[in-house]
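See structure below.
The values are calculated or read from the model by the stated rules, or taken from the named source; none is laboratory data. Quantities reported herein were computed from a predicted structural model and do not represent experimental measurements. Positions of Cβ are backbone-derived with ideal geometry, glycine not excepted, and every protein chain shown enters the neighbour counts. SASA here: full protein model, heavy atoms, side chains in, ligands and nucleic acids out. Shrake-Rupley method; radii C 1.70, N 1.55, O 1.52, S 1.80 Å.
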Amino acid sequence: MDYKPEVSNRFAFCAMIIVIFPLFMLFEPKYQHSIIVLIIIVIGNEYAYAFPRLAMKLYERILFKSLPERFHVTIQIVILIGISVTVVYTLKALNLLPLFLFAFVYLLWLSFLQKQSLIVGSKTIAIGQRLFSYDSISSLTINKEGLVIEVNDNSFKFYNWALGKRRDNLEVIVKEINEQLRPNE
């Protein structure tokens, strides 16, 4: 299962635009159009992020979850509440500062914290918005700073804070995966 997030992102964005486009006709002020586009982007990104994880949880046995992944539902609820409060406040007060602050915090989540999200399943590994099968992984190593996964000329590094307290369990899983990868070489 080689999941491509850019295809899912495009599908999610198109679906959201088709659903929300009629609402564009109802609003007249200029700022409200950008707020609706921000809502489309946030919901599309969260959909594209959650879909491979739900599929993975249905078809595989989950062996390990990183700290951001364990709190992902809570983080998504906070993001949705944050965007709804920000949009309502921006529409009522016509103050764009909270909207920019929310966009900054969301970009921080999207560009750094979400990329530290890791699920190791029995057949695949989910890294951020990507999903990789064991066949495409070239190496897994654990060092002092954390876990390094190399996949198809890409290197992903997970820091110790993101791995959480279950690092010993992860070391056993990494040894098992490395043993599975060696006979293929």
Taking LEU108 as meeting all but one of (1) surrounded by 14 or more Cβ atoms within 10 Å (Cβ to Cβ); (2) modelled with pLDDT of 80 or more; (3) more than 11 Å from the chain's Cα centre (by Cα); (4) of a type in the set (A, V, I, L, M, F, W, C), write down the number of the exception. (1)
Per the filter on the stretch 112-129, residues modelled with pLDDT of 80 or more, open to solvent by 30 Å² or more (accessible area, probe 1.4 Å) and out of contact with any Ser or Thr (no Cβ under 7 Å at 6 or more places or on another chain) are PHE112, LEU113, LYS115, SER122
Note down all Cβ pairs under 6 Å where the first residue falls in the stretch 89-102 and is of a type in the set (Phe, Trp, Tyr), the second is in a helix (DSSP H, G or I) and open to solvent by less than 50 Å² (accessible area, probe 1.4 Å), and they're at least six residues apart or on different chains. TYR89/PRO98; PHE102/GLY82; PHE102/THR86
Quickly run through the stretch 108-124 and pick out the residues that are among the hydroxyl-bearing types (Ser, Thr, Tyr), in contact (Cβ under 8 Å) with a residue 40 or more places away in the chain and over 17 Å from ASN178 (Cα atoms). SER117
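If you check LEU163, LEU101, LEU96, LEU140, which single one turns out to be within 16 Å of the chain's Cα centre (by Cα) and surrounded by 12 or more Cβ atoms within 10 Å (Cβ to Cβ)?
On the way: LEU101 fails: within 16 Å of the chain's Cα centre (by Cα); LEU96 fails: within 16 Å of the chain's Cα centre (by Cα); LEU140 fails: within 16 Å of the chain's Cα centre (by Cα).
On inspection, the qualifying residue turns out to be LEU163.
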